[in-house]
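Q: Just dropping this structure here.
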Amino acid sequence: MAPPALLSSKWATSLCVLSALSALFTPAVAVKEHDFKKCVQSGFCKRNREFADHALGAGAWQSPYNVQADSASFKDGQLQATVLKTINDQGETVRLPLTVSFLESGTARVTVNEEKRQRGDIELRHDSKARKERYNGAEEWVIVGGLAVDKAAKIAHEDKNQITIQYGPASKFEAVIRFSPFTVDFKRDGKSQIKFNDKGLLNVEHWRRKIEPPPEPEKKEGEEAAPEEAAPEESKKDETPKGEDESTWWDETFGSNTDTKPRGPEAIGLDISFVGYEHVFGIPSHAGPLALKETRGGEGKYTDPYRLYNADVFEYILDSPMTLYGAIPFMQAHRKDSSVGVLWLNAAETWVDITKAKDSKNPLALGVGAKTTTTTHWISESGLLDAFVFLGPTPRDLTQKYGELTGTTAMPQEFAIGYHQCRWNYNSEEDVETVDAKMDKAKMPYDVIWLDIEYTDEKKYFTWDAHSFPHPINMGKVLDNHGRKLVTIIDPHIKNVEYPVDQELKAKELGVKNKEGNLFEGWCWPGSSHWIDGFSPAAREWWASLFKYDKFKGTMENTWIWNDMNEPSVFNGPETTMPKDNLHHENWEHRDVHNIYGMTFHNATHHALQSRKTGEHVRPFVLTRSFFAGSQRIGAMWTGDNQAAWDHLKASIPMLLSQGISGFPFSGADVGGFFGNPEKDLLTRWYQAGAFYPFFRGHAHIDARRREPYLAGEPYSTIIAAALRLRYALLPSWYTAFHQAYVDGTPIIKPMFYTHPSEEEGFDMDDQFFVGNTGLLVKPITDQDRVATDIWIPDNELYYDYFTYQIIPASKGKRVTIDAPLEKVPILMQGGHVFARRDRPRRSSALMRWDDYTLVVTVGRDGKTAEGDLYVDDGETYDFEKGQYVHRRFVLDGAKTITSTDAEGRAPKAAEDGEWLRKFRGVVVDKIVVVGAPASWASKKEVKVEADGKTSTAKMEYTAASGGRAAFAVIKKVGASVAGDWKVVV
Ligand SMILES: *[C@@H]1O[C@H](CO)[C@@H](O)[C@H](O)[C@H]1NC(C)=O
């Protein structure tokens, strides 16, 4: 939730006022843009943009960064050198150690620091406890692997001007490091792909001494002010490039908040050019198109850079580069048949400008038409310059290599990918149990019901409101009867009153501190609050203790957690967050770690849930609002406080696609829209779209009318129930897609450029997507009154309508019109796939655990082949890590046989079966539906089934093609174990 509209700048001091305000609040109000900084209001952003304007303006610009002669050395996959920054006309320099590491994965890493000696004797401006070095801890939180250096990397060329390193797979990559000025040119197959400092925008604001202005001369009554005296040369000598705006070097005010800057200016900026690339994607989260826009003005372009500064943005606006709740500084550039990317590893406030320009070189000399190059300008407030460079060439290479570094999606429990029913708030146990019963009555499957902040005793987390929730364990058991779960909210702000949690936080000094080093106090839902410091190991350990079943009474094995407000949201703080001069563990300033804070809290909760009880061995579920690179290892995210409006439904799709290609695919948007009241057709369309979000949750604001899906009335409720069941039927395929994301970082829903990297027309398409490896191509309806839609066909495969089996003949590059009356989600099945379903409707995923499977085979254009896979495990524990899972590969071959083999070529060893696997071996394939069945099958009534060394027969019903509908065959009662090898012979 976001703070009520009126609170962000002037804080009202009583909770009564707070609820009165929230009642007054009108959903039509959009975000107060002026509550959040524009670049021009952010000192370091403004300075770096001005720097860029100067450098790119008329006249000769010479970047003042040069590699010191003879300083470069290369050893064991690493190049070390010193970059000298010339800081004044006298030629004085600042020393910046440079490391370029070449990793075994083919990823390169460029790190620029500032030499400590330079700053050792520089006093902090205030009597501050802040650390006197550039923050270098981001790696510790973000990077989990892939750092082994490539010992095979070697010098290919070296002279007094440059050094060229050859590295990567088959040594096809090169990094050309030029010395004067310092630039790096990353090449693949001899061609430039990514260039650092090509435009000369590298800017490391070195640490310096504050020069106090001369004291104001005393003025006598009636006297004119003395003409300003020129300051003596000496005191000006150091450090000030002419014309630079110094006004925000040492403090900066925004609204009523002043940021004291004990270390002065220390921003870093760098231009990164993607040579010959017209499209860039990534750097979520922003409410805009998947293909990022240019940011320096002009028709249809943004005027501000994309901003990454996790914030509780109240009612965010669409089509905007404004920051949102989470940040992933990973960008990929794409052109026909090539993807490359950059991870900018910096946790401070960051802005990214994007511009595109046609190559001015003679097009004939290039042999092709002029290409567009995208130049990005990255600007961070503090910390190291630390950038990873990925040279692709496929989108899949990027997500894989990025996953090696930052980790992949945690394998969720199966319930977590079912449907979640939430609102602010379910008001009592009775309310929860009534909703639970009504969902059943309406035959609407769901897995989880959620409790927002009102379940607590006056917003004191780890307590229950004794009046509304007197017997939470009973409630938990009622839910558990149908295999359902409860999620309760726990936020990082701890109410500042005498209660054990806050007392312990204070006594053990586990909270975030203010700039004086005392416990920071600010305002959030409970009123005056303290914030746990997720950077502190002791705080995390303490946090874990709070979730033990005997500590957080009322919780049980089916209780899971929602972390909200962890940007962190501080109602009376600058931009609704924490002052930047606050201090964390080991006295790092909040400024340095802001974008990581939410992840440390999410992570602390995740680990706490792993240790609620000794011997418990299940995968936690924690939803987070704030996130950073690496958060995918911990849980799910959602896109925060959207609105019940068609354009917000539409915007959710590019936002989730962006999460997917940026390594954090377990993502969803509030179904129905958080603020406001959706019309019934909007709610219905939103459920149909939500059924294809990786994370699928309905949620509503406290002032919104009740909108549990059974309340919608006919025909809406029936249509919504069908959407929910469609999600549940396809759970086996969703789970398989999640497993792929867990294995190698593959997105769960995939945009066109990702699946079809050669088809330029699809590069900026962000309203249709493929689901996992199923070949399901989905385009949710996001416009009112629309009853048909055009789906772009990316290849020459056959496509079939999911519901009618209507054939879309091979029509690469065409848009085909699909009927989509309110009751229909437009879904096509690409030919050539096999995917799994469970067709029997049940109340929850847990109740489907031992159900039979249906396999759907969509015959490819050749009329005889298809393939696909299925991953299954117990859906709960970590036993899958010890081989307790089923992973099958299904192949239709030669229009004759359908086989199931182990997808990883493992031989079955019954002796190693655990309890789940033993039981699962009894689960069978019931039906096989073959869409586009060969005509040669028309006369067959039976097929042979070979399984377990036995041969049996199964009935087949064949329906001939008619009126554009594909022929299809249904093989019934196959009866072969899903876990075992089998073969069906037609
Ligand atoms: C997550 O928590 C664990 C356990 O406290 C800790 O070891 C790890 O460093 C934390 N990682 C992040 C990203 O916060």
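Q: Working from Cα positions, state the angle (0 to 90°, nearest 10) between the long axis of helix 537-546 and the longest principal axis of the chain.
A: 40 degrees
Q: Full-extension gain between Ile211 and Glu433, please, as 0.36 nm times their residue separation minus the C-alpha to C-alpha distance.
A: Roughly 73.3 nm would be gained on extension.
Q: Can you figure out the FRET efficiency of Lys812 with Lys940, using R₀ = 30 Å and their beta-carbon distance, to the nearest 0.05?
A: It comes to 0.35.
Q: Next question. Using 0.36 nm per residue of separation minus the Cα-Cα distance, give me the extension gain between Ala152 and Gln503 in nm, one decimal.
A: Fully extending the segment from Ala152 to Gln503 adds 120.8 nm.
Q: Modelling each spin label as a point 7 Å along the Cα-to-Cβ direction, I'd like the Asp359/Glu823 distance in nm, to one decimal.
A: Between Asp359 and Glu823, the simple spin-label model gives 5.5 nm.
Q: Here's another thing I want to ask about it. List every residue whose amide H lies under 5 Å from the amide H of Asp457, counting only residues 5 or more places away in sequence or on a different chain, with H placed 1.01 Å from N in the peptide plane.
A: Thr463, Trp464, Asp465
Q: Enter the angle in degrees (range 0 to 90, nearest 10) between the Cα long axis of helix 590-610 and the first principal axis of the Cα atoms of the chain, meaning the one along which they spread out most.
A: Computed tilt is about 30 degrees.
Q: Also, quick follow-up: Using only Cα atoms, what Kirkwood radius does region 153-212 have, in angstroms?
A: One decimal place: 13.1 Å for the Kirkwood radius.
Q: Taking the solvent-accessible surface of protein heavy atoms with a 1.4 Å probe, what is the per residue accessible area of the chain in Å²?
A: The answer is 37 Å² per residue.
Q: So what are the radius of gyration and Dmax for the Cα set of region 754-985, in Å?
A: 18.9, 58
Q: Roughly how much of Asp981 is accessible, in Å² to the nearest 10, using a 1.4 Å probe?
A: Ignoring ligands and nucleic acids, Asp981 comes out at about 90 Å².
Q: Please state, as a whole number in µm²/s, the translational diffusion coefficient that the Stokes-Einstein equation yields for region 611-672 at 10 °C and 1.306 mPa s, with Rh defined as the Kirkwood radius across alpha carbon pairs.
A: 121 µm²/s
Q: Can you compute the modelled spin-label distance between Thr897 and Lys950, with each label point 7 Å from Cα toward Cβ, in nm?
A: According to this spin-label approximation, the distance is 2.1 nm.
Q: How far apart, in nm, are two points set 7 Å out from the Cα along the Cα-to-Cβ line at Lys441 and at Lys191?
A: About 6.5 nm separates the two model spin labels.
Q: Return the calculated 222 nm mean residue ellipticity for the chain, to the nearest 500 deg cm²/dmol, obtained by summing -39500 (n - 2.57) across DSSP H runs with n ≥ 4 and dividing by the residue count.
A: My calculation for the chain gives -5500 deg cm²/dmol from helical runs alone.
Q: At a 10 angstrom cut-off on C-beta neighbours, averaged per residue, how do the peptides 152-160, 865-873 rank from highest to lowest?
A: Ranking the peptides 152-160, 865-873 by packing returns 865-873, 152-160.
Q: Right, another one. By how many degrees, 0 to 90 and rounded to 10, does the Cα axis of helix 429-441 deviate from the longest principal axis of the chain?
A: It is inclined by approximately 40 degrees.
Q: Can you list residues from other chains, or at least 5 along the same chain, whose modelled amide H is less than 5 Å from the amide H of Phe692?
A: none
Q: Let me ask something else about it. Output the relative contact order of the chain, whole-number percent, from Cα pairs under 8 angstrom with separation of 6+ residues.
A: So the answer I get is 10 percent.
Q: Any chance you could look up the accessible area of Lys896 with a 1.4 Å probe, heavy atoms only, rounded to 10 Å²?
A: About 100 Å², ignoring ligands and nucleic acids.
Q: Please check which bits of region 380-408 a label hung off Val144 would reach, taking the label as a point 7 Å along Cα-to-C-beta and the cut-off as backbone N under 15 Å.
A: The answer is 400-408, whose backbone nitrogens lie closer than 15 Å to the label point.
Q: Cα extents of the chain along the three principal axes, largest first, in whole Å?
A: 106, 76, 57
Q: Okay, next question. Which entries of Lys495/Lys580; Lys85/Lys154; Lys441/Lys551; Lys132/Lys293; Lys38/Lys401; Lys613/Lys919 have Cα-Cα distances beyond 30 Å here?
A: Listed pairs above 30 Å: Lys441/Lys551; Lys132/Lys293; Lys38/Lys401.
Q: Let me ask you something else. At 1.4 Å probe size, with no ligands or nucleic acids counted, give the accessible surface of Glu904 in Å², nearest ten.
A: Result for Glu904: roughly 90 Å² accessible.
The values are calculated or read from the model by the stated rules, or taken from the named source; none is laboratory data. Bear in mind the structure is a predicted one, so any value in this text is a computation, not a measurement. Virtual Cβ from ideal backbone geometry, glycine too; neighbours counted across all protein chains shown. Note: areas computed on protein heavy atoms with side chains; ligands, DNA, RNA excluded. Shrake-Rupley method; radii C 1.70, N 1.55, O 1.52, S 1.80 Å.
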